[in-house]
Amino acid sequence: MRRQRRVFWLWCWLGVLVASCAQGGMASPTARRATLDLLKLTPAPALPLAPTPLLRLRRTPTLPASTLFAMTLAPTPLPLPVPAPDCYETPVGGLWCLGLLRNLLRQPIEDVLIRVYLVSADGQPLAFRDVPTAHFRLNPGQESPFGALFERAPSGVAGPVAVIGMARPATSDRVMLPVRDMLTSAEGMLFRVQGAILNTHQAPVGQVRLVVTLRDSAGRVTGFRQLLFPPDQGLQPEQRREFTLSVVAHTPGTARVEASAEGQRKGN
């Protein structure tokens with residue numbers, strides 16, 4: 001009888017031991033399955049994207065060369081600064097921003113595109129326009145007007161800022177053409193300009209472009225207009241072509257009227 005009790009208690013002890021081992025062995029797979037299910041429902045977060053830099057421009061900025069278009073005309077890239085244009089209100093609530101770009105480089109450039117920003121007092125860009133210069137080609141030291149029209153002026157505008165958006169070294173065979181016998185008459189803000197374009201080169205020229213610029217006593221652009229002649233109105237050597245052009249000033253104070261022309265030289 002006593003032996004039977006010992007066997008009974010031995011089996012009970014073994015049963016408890018086996019149950020404990022079995023319970024410990026089941027804990028790991030259960031936890032692993034729960035972890036896998038959690039990973040399926042909560043995927044690992046993606047890597048954060050690099051933040052987009054906020055453009056901050058001041059009224060009269062000193063922009064680093066990286067924000068300008070730099071042309072590799074020398075071993076060191078040369079930035080081409082653009083003075084801030086002057087903006088004038090239009091009768092319908094917009095803004096005409098007029099400026100002047102001078103080629104300060106030692107080589108001619110062409111196909112110039114200027115980006116004009118309207119910024120707030122703390123330098124936040126509110127709107128922008130990409131506009132070309134009136135002249136297609138700019139020789140060293142040459143100036144060309146440009147203008148950007150904003151149909152509606154954003155609220156909080158403090159002023160304009162301009163930078164070079166695109167330009168390239170000149171490769172076209174465009175030449176400057178003198179303007180002769182220029183006469184100007186004014187009626188209020190309207191200026192009527194007459195003159196003649198002369199081809200002083202030994203080869204014929206086509207794609208003639210005339211630019212008339214109005215400026216005040218301080219040299220600021222008050223208005224400008226460009227005239228593109230039809231392809232069949234080229235100029236032979238020593239030939240001249242008369243023109244009449246009307247230009248509207250966007251603000252009072254125009255003190256002088258300037259005219260310049262260019263054309264594409266053709267092969268002999």
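The values are calculated or read from the model by the stated rules, or taken from the named source; none is laboratory data. Owing to the predicted nature of the structure, the values given are computational and were not obtained by experimental measurement. Cβ: placed from backbone, ideal geometry, glycine included. Neighbour counts: every protein chain shown.
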So is Phe128 without any contact (Cβ under 8 Å) to a residue 24 or more places away in the chain, in contact with a strand residue (DSSP E or B) (Cβ under 9 Å, 6 or more places away or on another chain) and either of a type in the set (Ser, Thr, Tyr) or surrounded by fewer than 23 Cβ atoms within 10 Å (Cβ to Cβ) (or both) or not?
yes
At least 1 residues that are closer than 27 Å to Cys97 by Cα and among the acidic types (Asp, Glu) in each: list the strands (runs of 3 or more DSSP E) lying fully within the range 175-253 that qualify.
179-187, 205-216
Filter result for Ala134 (closer than 24 Å to Val248 by Cβ and within 19 Å of the chain's Cα centre (by Cα)):
yes
Restricting attention to the range 151-174, report how many residues are in a loop (DSSP other than H, G, I, E, B) and surrounded by 12 or more Cβ atoms within 10 Å (Cβ to Cβ).
8
If Ala255 satisfies every condition in (1) touching a Ser or Thr at 6+ places or on another chain (Cβ under 6 Å); (2) closer than 19 Å to Phe146 by Cβ; (3) not basic (Lys, Arg) but one, which is the exception?
(2)
Have a look at Asp216, Asp232 and point out the one that is among the acidic types (Asp, Glu), under 22 Å from Glu89 (Cα atoms) and either touching a strand residue (DSSP E or B) at 6+ places or on another chain (Cβ under 8 Å) or modelled with pLDDT under 95 (or both).
Asp216
Does Phe146 qualify as being under 16 Å from the mean Cα position of the chain (by Cα), of a type in the set (Phe, Trp, Tyr) and more than 30 Å from Leu198 (Cα to Cα)?
no
Mind listing just one residue for me: the one in the range 215-263 that is surrounded by 19 or more Cβ atoms within 10 Å (Cβ to Cβ) and in contact with an Asp or Glu (Cβ under 8 Å, 6 or more places away or on another chain) and, of those, nearest to Ala170 (Cα to Cα)?
Val221
Given the conditions (1) over 22 Å from Val221 (Cβ atoms); (2) basic (Lys, Arg); (3) assigned to a strand (DSSP E or B), report the number of the one that Arg106 does not fulfil.
(3)
Checking Gly123 against (1) touching a Pro at 6+ places or on another chain (Cβ under 9 Å); (2) assigned by TED's automatic domain parsing to the domain that holds Gly253; (3) at positive phi, which test does it fail?
(2)
Identify the residue in the range 78-97 that is farther than 16 Å from Ala127 by Cβ and within 18 Å of the chain's Cα centre (by Cα) and, among all such residues, is modelled with the lowest pLDDT.
Leu78
Of the listed residues (Thr184, Thr213, Thr133), the one being assigned by TED's automatic domain parsing to the domain that holds Asp111 and among the polar types (S, T, N, Q) is Thr133
